[in-house]
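The values are calculated or read from the model by the stated rules, or taken from the named source; none is laboratory data. Just so we're clear, the structure is a prediction, and the values are computed from it rather than from any experiment. Positions of Cβ are generated from backbone atoms using ideal geometry, with glycine treated the same way; all protein chains shown enter the neighbour counts. Heavy atoms of the whole protein, side chains included, go into the accessibility calculation; ligands, DNA and RNA do not. Shrake-Rupley method; radii C 1.70, N 1.55, O 1.52, S 1.80 Å.
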Amino acid sequence: DGKRYTLGGMRDITERKKIENELSASHAFIRALIDSSEDLLWSVDSTHFGLLTWNRAFKNYSLTKNKLQIKVGDRPQELFPADSPYIAIWEGYYTRALSEAFTVEYKIYAGARTLQLTFNQIIQDGRQTGISVFGREVTAQKKAFEALSESEERFRALNENALVGVYIIQNGILAYVNQTLAHIFGREPHELIGEDPITFIHPADRALVANNIYRRINGDDDASHF
């Protein structure tokens, strides 16, 4: 009869669109969380170790510290000068990450700062597709630890050579004694540390010593001589 007909079909995809919208919103939320972090976050592929993704902190670090406009696919060779030893260092990190997760301390290329780096594998559909890296700056903690260690060494050197007995009581037990104090008691330092100091005092004087220790710990006396 000369008329043309079109065969068509309709399918309700409301639920699918709802899931897609929720997934998109979820990805946007996760992206916002990652970008709001001050820690460095990035990932590389497991074949050439080229950049896949990164957060704002990593991008800003690369731009301000290394003067680099990073892009997808950048490998260690593109991120450091050709003669830099850091190329081999990073290739070593990524190669190790292919077989295990691990954490290392790393002195960054630009400036006297220290990062704590954590490497993990990215697995999709049972296949390793990349490596994720989490970098947190620990420069302040590192300096504080080194200063504390140096202070402890000075304290130990000073007191180990002292002509008087020196001790520290913590939580009711001897936490530290120098060699001179151990000699006074006719013991070795390791025989005193961890013990209640009262047990080494003559029974007739224990009440006096215990009271003086109690007053010092509670701040009743700045110093006591007895």
Restricted to region 84-127 and to residues being touching a residue at least 24 places away in the same chain (Cβ under 8 Å) and among the acidic types (D, E), the residue nearest to D74 (Cα to Cα) is E91
Per the filter on region 127-154, residues open to solvent by less than 80 Å² (accessible area, probe 1.4 Å) and out of contact with any strand residue (DSSP E or B) (no Cβ under 8 Å at 6 or more places or on another chain) are A140, A144, A147, S149, S151
Answer with yes or no whether Q116 is open to solvent by 70 Å² or more (accessible area, probe 1.4 Å), closer than 28 Å to T53 by Cβ and modelled with pLDDT under 85. no
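Could you list, in sequence order, the residues of region 197-226 that are in a loop (DSSP other than H, G, I, E, B), open to solvent by 90 Å² or more (accessible area, probe 1.4 Å) and more than 20 Å from F185 (Cβ to Cβ)?
D222
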By residue number, the members of region 180-190 that are open to solvent by 80 Å² or more (accessible area, probe 1.4 Å) and part of a helix (DSSP H, G or I) are H183, I184, H190
For region 153-181, pairs from a residue that is closer than 15 Å to A210 by Cα to a residue that is outside any strand (DSSP E or B) and of a type in the set (F, W, Y), with Cβ under 9 Å and 6 or more apart or across chains, are L174/F200
Every listed condition ((1) at pLDDT 85 or above; (2) open to solvent by 40 Å² or more (accessible area, probe 1.4 Å); (3) of a type outside the set (A, V, I, L, M); (4) touching a Gly at 6+ places or on another chain (Cβ under 8 Å)) holds for K65 save (1)
Subject >> Test: residue in region 126-146 that is in a helix (DSSP H, G or I) and touching a His at 6+ places or on another chain (Cβ under 9 Å) >> reply: no
- Item | Test: E160 is out of contact with any Asp or Glu (no Cβ under 7 Å at 6 or more places or on another chain) and open to solvent by 80 Å² or more (accessible area, probe 1.4 Å) | no
Per the filter on region 193-205, residues free of Cβ contacts under 8 Å to residues at least 24 places away in the same chain and in contact with a Leu (Cβ under 6 Å, 6 or more places away or on another chain) are I193, E195
By residue number, the members of region 75-96 that are closer than 19 Å to L63 by Cβ and in contact with a Pro (Cβ under 8 Å, 6 or more places away or on another chain) are Y86, W90
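So which residues in region 157-166 are in contact with a strand residue (DSSP E or B) (Cβ under 9 Å, 6 or more places away or on another chain) and modelled with pLDDT under 80, if there are any at all? Even if it seems obvious, please write down each step before you answer.
First pass over region 157-166, keeping only residues in contact with a strand residue (DSSP E or B) (Cβ under 9 Å, 6 or more places away or on another chain): 159, 165-166.
If the condition is that a residue be in contact with a strand residue (DSSP E or B) (Cβ under 9 Å, 6 or more places away or on another chain) and modelled with pLDDT under 80, then N159 is the only one that fits.
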